[in-house]
Structure formats: C-alpha cells, structure tokens
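See structure below.
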Amino acid sequence: MSDQHDPAPYDALLLLSFGGPEGPDDVVPFLENVTRGRGIPKERLKEVGQHYFLFGGVSPINDQNRALLAALREDFAQAGLDLPVYWGNRNWAPYLTDTLREMITDGRRHIAVLTTSAYASYSGCRQYRENLADALSELEAEGLPLPRVDKLRHYFNHPGFVGPMVEGVLASLDELDPSVRSGAHLAFTTHSIPDSAADSSGPAAEHGAGGAYVKQHLDVARVIVDAVRERTGEDHPWRLVYQSRSGAPHIPWLEPDICDHLEELHGAGAPAAVMVPIGFVSDHMEVLYDLDTEATAKAAELGLPVRRSATVGADPRFAAAVRELVLERAARERGVRAERCALGALGASHDLCPIGCCPARADRPAAAGADSPYA
C-alpha cells in the first residue's frame, strides 16, 4: 500500500450522527433522548413532535445516513482503501455506545470519527465529543479495552463539500423562470443557535460576535457566490439567514429567520430567491419542514418565486472528501506531511479541538480534543 493510501494508524471509521425516529411510536422517546435532563413534560414533547407526525413519524436522517454509509463504503472500495465503516447515533438506534461496543468486539482500537456536522459550535462539535466521552466511560465501566477516537476536522470548506452545493444552487437557478432568474437573491441558511453559543464557538482566539460559527458560514457563502458568478456571469445578492430556532423567546438567537427574510425580500421587490441550506449535510427534518414546508408556504403566500437547493447528502464528491480527510489525518498522525484541502479565506481547520473550544455552560468530559480524559 502506498503511503498516500495508508489509513494507519486508523483501523475503522465511525460515522457519528444525530439520529431520528423511524415511526410514530418513536417520536416522543426520541425527543426524550434529545432533551434529557431539561425536565420538559411529555405533553410538550408531543407538541414539538408534530413536525415528525406530518411525515408519518419518520425522520429522513437515518435513511440519509444509510445512503452516506453505502457511498463511503463504495468510494473506499473503489479507491483500494481497506477501512471498515460503522455508523452510530447520539439520540436513536443504532446508538453510539452500542456501535462502539461492536467496534471493540471487532478488534478496532484506533477510530477516526466523522460527524454529520460541518461547522464549529457547541451543538455541532463539542456535544458530539461529550457523547463520545459518555460512551467510552460506559464501556470502560463494562471492563472493555477502550479504543482511541479521533474526530476528523471541520469540513465546511472542503472542495468535496462545497462543490455539490455550488451545483445545487446552479440547478435551482435554472429552475426559475428566466424573467426572474438573474435577479434572484441567495438566502444561505443554517440552524440558528443562541447568540452566546455562537459568540463562544471555535477556539478561544476566535470568540467574539458570531464566533467561528458565523465566520465559517459566511466564508462558505462567499465561495459559493463567487463560483456561481464565475459560472453564470451573474452577481446575485445574498445573505446568511437562520432557521429552526427552538429556544425560549427571551434568549437571543441568531437572526434573521428565513421566513422573516423572505418577507423582507418581497417587500424590497426581489423577483425570486433560492434557499441554500449550507448548514446541513442532508435533507433531514429541519430541511424538509422548515424550508420545504414552512418557508416554501411563506413564499407562496407572498407570491415570491422560490427554490431550495440540494444538500450534499451522499454525493460521491463528499464521500471522496471524507476519504481524503481520513488519509490526511492518518498521515499527520504518522508524522507525514499531508495536503489539507480547503477553499475560502479561513484555511483548513484544526485537527485537535483546543482547550476552551466551543465551551459548554456546564463542564463535562469531552473525548477527541486537547482536554480529553481518554488519550
């Protein structure tokens, strides 16, 4: 095996995702997992779960992950990369702890971890690391030999993640009537989070207004806008907007909301808009409901032509990007220089989350970082 295609020291890849219900009876138990420790009454969870019930109680995220799992395995096999790929979730089956137990039983001892979140934030990075630490603690209590787990770097600006999104915007623009296409606005959308979580996202040196979370999204949006301009000759107005707010009304969250933004565009005379979900890896519930259902209905009410561009999902270019991320990190672990692909102005992200990166309100152990209790 050539050094460029050597995954050592890694003996497996773990696809780590959020998870979602796969039937009506799963919805409330799933939401109980998501909100554990917050004391939210079951009746309130039933209300929150209405979005899922509109889709038969099934979140698309698990099928999306199955598709990505298959794409990764196919890409690895075609590239001659002998690295098994496993899948575990934070909040629903297959649960992370069960998957790690299976990996240990299979003899896996040094695991690369890909999370289905591309950006820095507590909920998008550190919380995954906390879940890894929780699972390792449970397995340690069972007397199992613990593997080393290394989370792959943030891939928000990797060409294999950005490229498919550019193609999605171009396809959506082509779907618009030619009379409104050239003046269409691009609404880059991502999950809203509390202002305080955004301001403290990323390494401590990047904390401040919006923190790394907002900076990273803005950088990707600029890359996509530039690519669209190069391909079409059109300079489309754009803005970063937010969706899927779930917090208490008195706590400031990132704004504007996508529906408010569509109203603003209509009021300003914009001829059309393309919603670009750059903050999401796949078409899970936040995309299907908040964009395809709620925001699209708002646009129809306003009489504003709108399209929603595709997420990356299981695109072969993304699968190839994951392979590159694994091999890049493997080489660096062996002390070998490796190319680190990244578009935009921010460059490739850190491999190891430093102390103080995306801090939580309560101090909890987190694996796969400089502060990990599991070396």
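Listing for the model above:
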item: Subset tally (residues that are touching a Pro at 6+ places or on another chain (Cβ under 8 Å), small (Gly, Ala, Ser) and closer than 30 Å to Ala331 by Cα) for segment 27-81; result: 1
item: Subset tally (residues that are under 13 Å from Glu264 (Cα atoms), of a type outside the set (Lys, Arg) and outside any loop (DSSP other than H, G, I, E, B)) for segment 296-315; result: 2
item: Residue that is of a type outside the set (S, T, N, Q), crowded, with 18+ Cβ neighbours inside 10 Å, in contact with a helix residue (DSSP H, G or I) (Cβ under 9 Å, 6 or more places away or on another chain) and in a loop (DSSP other than H, G, I, E, B), where the choices are Leu72, Leu83, Leu100; result: Leu83
item: Scope segment 230-258; condition closer than 25 Å to Asp195 by Cβ, open to solvent by 70 Å² or more (accessible area, probe 1.4 Å) and not acidic (Asp, Glu); matching residues; result: Trp238, Arg239, Arg245, Ser246, Pro249, His250, Pro252
item: Whichever residue in segment 20-63 is among the small types (Gly, Ala, Ser) and within 18 Å of Asp290 (Cα to Cα) and, among such residues, is most open to solvent (accessible area, probe 1.4 Å); result: Gly56
item: Output for segment 182-213, where each listed residue is within 18 Å of Phe161 (Cβ to Cβ) and in contact with a strand residue (DSSP E or B) (Cβ under 8 Å, 6 or more places away or on another chain); result: Leu186, Phe188, Thr189, Thr190, His191
item: Qualifying residue in segment 215-228 (condition: in contact (Cβ under 8 Å) with a residue 12 or more places away in the chain, in contact with a Gly (Cβ under 6 Å, 6 or more places away or on another chain) and at positive phi); result: no
item: Number of the condition not met by Val281 [criteria: (1) in a loop (DSSP other than H, G, I, E, B); (2) free of Cβ contacts under 8 Å to residues at least 24 places away in the same chain]; result: (2)
item: Neighbours by Cβ (under 6 Å, 6+ apart or cross-chain): first from segment 330-353, free of Cβ contacts under 8 Å to residues at least 40 places away in the same chain and part of a loop (DSSP other than H, G, I, E, B); second open to solvent by 60 Å² or more (accessible area, probe 1.4 Å) and not aliphatic (A, V, I, L, M); result: Ala338/Arg332
item: Criterion: part of a loop (DSSP other than H, G, I, E, B), under 27 Å from Asp226 (Cα atoms) and modelled with pLDDT of 95 or more - qualifying residue of Glu255, Glu264, Glu324; result: Glu255
item: Residues being farther than 25 Å from Tyr52 by Cα and surrounded by fewer than 18 Cβ atoms within 10 Å (Cβ to Cβ) - total across segment 267-304; result: 6
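The values are calculated or read from the model by the stated rules, or taken from the named source; none is laboratory data. All values derive from a computational prediction rather than experimental measurement. Glycine also receives a Cβ, built like all others from the backbone with ideal geometry; neighbour counts cover every protein chain displayed. SASA here: full protein model, heavy atoms, side chains in, ligands and nucleic acids out. Shrake-Rupley method; radii C 1.70, N 1.55, O 1.52, S 1.80 Å.
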